[in-house]
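Colleague: Got a structure for you, written out below as structure tokens; questions coming shortly.
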Amino acid sequence: MRTTTLAINLDLPGPTISRHLYGHFAEHLGACIYGGFWVGEDADVPHTRGIRSDVVAALRELDVPNLRWPGGCFADEYHWRDGVGPRAGRPTMVNTHWGDVVEDNAFGTHEFLDLCAQLDAEPYICGNVGSGTVQEMADWVEYLTRGGTSPMAELRRSHGREEPWRVRFWGIGNESWGCGGNMRAEYYADLARQYATYCRNHDGNVLYRIAGGANSDDYHWTETLMKTLGDLGCGCNARGHFDAISLHHYTVVGDWQHKGSATEFSAEEYWTCLARAAGIEDLLRRHGAIMDVYDPDRRIGLVLDEWGTWHDVEPGTNPGFLYQQNTLRDALVASVHFDSFHRHADRLAMANIAQTVNVLQAMLLTTPDAVVRTPTFHVFAMNRGHHDAAALAVHPLGGPLASREVDGRTLPLLSASASVKDGRALVSLSNLDPDAEQTVELDLRGGSVQAAEGTVLAAASAAAHNTVDDPDAVRPVAVDVDWREDGVRITLPPHSFATVTLTLAGS
Ligand code: AHR
């Protein structure tokens with residue numbers, strides 16, 4: 001059996017891993033909002049003011065730090081005024097991006113802010129640049145965040161909400177290079193300056209403005225934004241400044257026409273999926289390197305506000321609803337991403353997996369009566385200890401990690417990251433080898449271990465997944481770890497994810 005030794009210096013804390021790297025995304029798409037979160041006030045399903053109680057309860061297990069809404073592509077055809085005021089009087093619209101279905105605007109601004117309150121998550125609102133106006137976005141900010149007397153504050157009050165909300169995170173459009181307007185980087189960058197100027201800070205609500213960023217390896221887009229917004233990216237809260245630029249990257253196994261099944265995949269497709277997921281490291285490094293040129297002090301954050309697997313939809317479901325199953329392979333895609341996120345914690349300010357419920361790489365799959373936690377959900381749960389912890393570097397000893405050449409990339413068979421907070425260290429380990437166990441020795445320096453606990457997420461097949469009939473086919477279980485003051489030994493099953501929590505002396 002292969003044994004890999006990893007050295008970790010417990011007394012050399014690196015940058016803080018923002019809890020916002022564990023953010024989420026909910027779009028008006030398929031059954032994410034309607035059916036997933038929102039069932040309406042007359043539903044038989046238990047709910048609080050129309051929001052599903054079982055979904056909220058499950059997500060609260062993840063300490064969701066933020067929720068991005070209303071899109072996605074939907075954001076750039078969403079007009080917020082259609083979603084406020086008495087529900088019976090709200091106009092309808094056609095959701096042209098997703099299934100061409102009629103949207104009745106039952107779930108709007110107040111419902112979203114209520115959902116965030118129920119989840120105890122910060123709202124992240126993406127404004128409409130593609131088909132909206134500067135005035136419309138400025139009014140939405142005022143509606144949400146202004147106390148005192150103003151036209152929008154009065155409108156909000158007339159809809160039953162006296163106090164303003166606190167909404168920090170504000171996206172200036174979505175995928176403006178594509179569904180958000182098919183713009184060129186140069187055009188969008190100027191437009192973003194204009195929009196950001198009129199998105200004001202009201203009553204101490206200091207906006208964190210996020211410019212719509214690149215698609216995957218479109219480095220020209222990032223360079224153009226940094227060049228054009230750079231003088232506004234001072235982080236000093238000057239009028240119209242930018243705090244961050246975004247990036248979107250999905251893990252697609254085949255091509256966009258034939259992405260491949262979520263649950264039925266060959267060994268080759270398994271490897272391709274993991275190798276492409278590991279490619280996030282290169283993207284974060286390269287986009288970060290461009291940002292470093294214009295912002296060497298790293299005051300502008302990179303926000304990966306859409307990431308995750310994008311497979312073919314489940315057979316028989318609406319192609320426009322992006323409903324896919326979620327296997328142990330998807331869980332490993334998530335764990336590999338998180339290891340990269342932790343390594344880039346000094347630049348990466350936020351990340352939002354797409355999407356929270358019933359869409360793409362979801363945390364939860366629902367039926368009217370049941371909520372199924374996916375394997376990806378369990379990775380988020382097992383990694384909770386990394387929220388706001390200090391990243392620790394992980395060094396392989398005895399040469400490079402064993403690896404495999406896939407799709408033109410070298411994929412290490414072990415992925416790992418670690419952090420420390422409040423006298424506890426958390427080590428995340430993914431054995432990507434589908435055919436063999438792997439023993440990992442942690443060589444711990446600069447601290448003394450007093451206790452160690454292991455948890456493993458594994459199954460007989462990488463295609464294992466949870467269903468209503470078998471909701472715990474893939475679930476975390478406690479595992480024995482051998483530990484001493486300066487080391488830990490754990491054996492990882494094939495294609496598995498594990499965490500080791502260390503209690504350190506002096507804690
Ligand atoms: O998450 C699904 C879609 O993917 C989003 O609406 C869009 O931003 C991206 O292309």
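The values are calculated or read from the model by the stated rules, or taken from the named source; none is laboratory data. Owing to the predicted nature of the structure, the values given are computational and were not obtained by experimental measurement. Note that we place each Cβ from the backbone using ideal geometry, even for glycine, and neighbour counts take in every protein chain shown. Note: areas computed on protein heavy atoms with side chains; ligands, DNA, RNA excluded. Shrake-Rupley method; radii C 1.70, N 1.55, O 1.52, S 1.80 Å.
Colleague: Consider residue 288 against the criteria (1) in contact with a strand residue (DSSP E or B) (Cβ under 8 Å, 6 or more places away or on another chain); (2) open to solvent by less than 20 Å² (accessible area, probe 1.4 Å); (3) under 30 Å from residue 53 (Cα atoms): it satisfies all of them except one. Which criterion is unmet?
Modeller: (3)
Colleague: A further question follows. Does at least one position in segment 307-314 carry a residue that is of a type outside the set (Phe, Trp, Tyr) and within 20 Å of residue 412 (Cβ to Cβ)? Explain how you work it out, then say what you get.
Modeller: Of the residues in segment 307-314, the ones of a type outside the set (Phe, Trp, Tyr) are 308-309, 311-314.
With within 20 Å of residue 412 (Cβ to Cβ) added as a condition, the list becomes 309.
Within segment 307-314, one or more residues are of a type outside the set (Phe, Trp, Tyr) and within 20 Å of residue 412 (Cβ to Cβ).
Colleague: If you check residue 281 against the conditions, is it open to solvent by 20 Å² or more (accessible area, probe 1.4 Å), without any contact (Cβ under 8 Å) to a residue 60 or more places away in the chain and in a helix (DSSP H, G or I)?
Modeller: no
Colleague: Return the residue satisfying two criteria in turn: it lies in segment 63-117 and is polar (S, T, N, Q) and either closer than 16 Å to residue 25 by Cβ or without any contact (Cβ under 8 Å) to a residue 40 or more places away in the chain (or both), and of such residues it is nearest to the ligand (Cβ to nearest atom).
Modeller: 96
Colleague: Does segment 80-87 contain any residue that is within 22 Å of residue 199 (Cβ to Cβ), acidic (Asp, Glu), out of contact with any Asp or Glu (no Cβ under 7 Å at 6 or more places or on another chain) and modelled with pLDDT of 95 or more?
Modeller: If we filter segment 80-87 for residues that are within 22 Å of residue 199 (Cβ to Cβ), which is where we start, we get 80-84.
Still in the running and acidic (Asp, Glu): 82.
Next cut, out of contact with any Asp or Glu (no Cβ under 7 Å at 6 or more places or on another chain) only: 82.
Still in the list and also modelled with pLDDT of 95 or more: 82.
Yes, that holds for at least one residue.
Colleague: Let me ask you something else. What residue, among those in segment 17-51 that are of a type in the set (Ser, Thr, Tyr) and not in a loop (DSSP other than H, G, I, E, B), is least open to solvent (accessible area, probe 1.4 Å)? Full working, then the answer.
Modeller: Pass one, segment 17-51, residues of a type in the set (Ser, Thr, Tyr): 18, 22, 34, 48.
Subsequent filtering for residues that are not in a loop (DSSP other than H, G, I, E, B) retains 22, 34, 48.
Details: 22: 3, 34: 67, 48: 53 Å².
Once the filter is applied, the top-ranked residue is 22.
Colleague: Can you list the strands (runs of 3 or more DSSP E) lying wholly within segment 421-507 that have 2 or more residues being within 20 Å of residue 402 (Cβ to Cβ)? Give the steps one after another, and end with the answer.
Modeller: Numbers: elements: 424-431, 438-445, 449-457, 476-479, 482-484, 487-492, 496-504.
Ranges flagged: 424-431, 438-445, 487-492, 496-504.
Colleague: Residues in segment 45-62: is at least one within 14 Å of the ligand (Cβ to nearest atom) and closer than 26 Å to residue 367 by Cβ? Steps first, please.
Modeller: Filtering segment 45-62 for residues within 14 Å of the ligand (Cβ to nearest atom) gives none.
There is no residue in segment 45-62 that is within 14 Å of the ligand (Cβ to nearest atom) and closer than 26 Å to residue 367 by Cβ.
Colleague: Here's another thing I want to ask about it. Residues 255, 312, 297: which one is more than 16 Å from the ligand (Cβ to nearest atom) and open to solvent by 10 Å² or more (accessible area, probe 1.4 Å)? Please lay out each step first, then the result.
Modeller: On the way: 255 fails: more than 16 Å from the ligand (Cβ to nearest atom); 312 fails: more than 16 Å from the ligand (Cβ to nearest atom).
None of the other options fit; the residue is 297.
Colleague: Which residue pairs have Cβ atoms under 6 Å apart, sit 6 or more places apart or on different chains, and have a first residue in segment 338-363 that is of a type in the set (A, V, I, L, M, F, W, C) and open to solvent by less than 10 Å² (accessible area, probe 1.4 Å) and a second that is more than 16 Å from the ligand (Cβ to nearest atom) and part of a helix (DSSP H, G or I)?
Modeller: From residues that are of a type in the set (A, V, I, L, M, F, W, C) and open to solvent by less than 10 Å² (accessible area, probe 1.4 Å), the pairs are 341/21; 348/341; 350/20; 351/21; 351/341; 363/377.
Colleague: Any idea how many residues of segment 119-133 are on the phi < 0 side of the Ramachandran plot, touching a residue at least 24 places away in the same chain (Cβ under 8 Å) and open to solvent by 30 Å² or more (accessible area, probe 1.4 Å)? Write out each step before concluding.
Modeller: Going through segment 119-133, the residues on the phi < 0 side of the Ramachandran plot turn out to be 119, 121-133.
Still in the running and touching a residue at least 24 places away in the same chain (Cβ under 8 Å): 119, 121-132.
With the extra rule that they be open to solvent by 30 Å² or more (accessible area, probe 1.4 Å), the set shrinks to 122, 130-131.
Of the residues in that region, 3 qualify.
Colleague: For residue 137, which of the numbered conditions (1) surrounded by fewer than 22 Cβ atoms within 10 Å (Cβ to Cβ); (2) touching a residue at least 60 places away in the same chain (Cβ under 8 Å); (3) more than 16 Å from the ligand (Cβ to nearest atom) fails to hold?
Modeller: So the condition that residue 137 fails would be (1).
Here is a yes/no grid of residues against (1) within 16 Å of the ligand (Cβ to nearest atom); (2) under 26 Å from residue 442 (Cα atoms); (3) out of contact with any Lys or Arg (no Cβ under 7 Å at 6 or more places or on another chain):
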| position | (1), (2), (3) |
| --- | --- |
| 352 | yes, no, no |
| 355 | yes, no, yes |
| 358 | yes, no, yes |
| 370 | no, no, yes |
| 373 | no, no, yes |
| 376 | yes, yes, yes |
| 381 | no, yes, yes |
| 386 | no, yes, yes |
| 390 | no, yes, no |
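Colleague: Between 198, 219, 187, 208, which is open to solvent by 40 Å² or more (accessible area, probe 1.4 Å), of a type in the set (Phe, Trp, Tyr) and under 18 Å from the mean Cα position of the chain (by Cα)? Can you show your working first?
Modeller: Details: 198 fails: under 18 Å from the mean Cα position of the chain (by Cα); 219 fails: under 18 Å from the mean Cα position of the chain (by Cα); 187 fails: under 18 Å from the mean Cα position of the chain (by Cα).
From the options 198, 219, 187, 208, the qualifying one is 208.
Colleague: Kindly indicate which of 174, 182 is more than 26 Å from residue 31 (Cβ to Cβ), outside any strand (DSSP E or B) and within 16 Å of the ligand (Cβ to nearest atom).
Modeller: Values: 174 fails: more than 26 Å from residue 31 (Cβ to Cβ).
On inspection, the qualifying residue turns out to be 182.
Colleague: Still on this model: Specify the residue that is modelled with the lowest pLDDT; the eligible residues are those in segment 98-135 that are among the acidic types (Asp, Glu) and touching a strand residue (DSSP E or B) at 6+ places or on another chain (Cβ under 8 Å).
Modeller: If we filter segment 98-135 for residues that are among the acidic types (Asp, Glu), which is where we start, we get 100, 103-104, 111, 114, 120, 122.
So of that shortlist, the ones also touching a strand residue (DSSP E or B) at 6+ places or on another chain (Cβ under 8 Å) come out as 100, 103, 111, 114, 122.
Numbers: 100: 94, 103: 97, 111: 98, 114: 98, 122: 98.
Residue satisfying both the conditions and the ranking: 100.
Colleague: Sticking with this one: Does segment 262-275 contain any residue that is closer than 20 Å to residue 380 by Cα and away from the ligand (no atom under 16 Å from the Cβ)? Quick ask: steps written out before the conclusion?
Modeller: Applying the first criterion (closer than 20 Å to residue 380 by Cα) to segment 262-275 yields 262, 273-274.
Among the residues that remain, those that are also away from the ligand (no atom under 16 Å from the Cβ) are: 273-274.
Within segment 262-275, one or more residues are closer than 20 Å to residue 380 by Cα and away from the ligand (no atom under 16 Å from the Cβ).
Colleague: Additional query: Of everything in segment 315-329, what is within 15 Å of the ligand (Cβ to nearest atom) and assigned to a helix (DSSP H, G or I)? Give them in sequence order.
Modeller: Selection gives 319, 320, 321.
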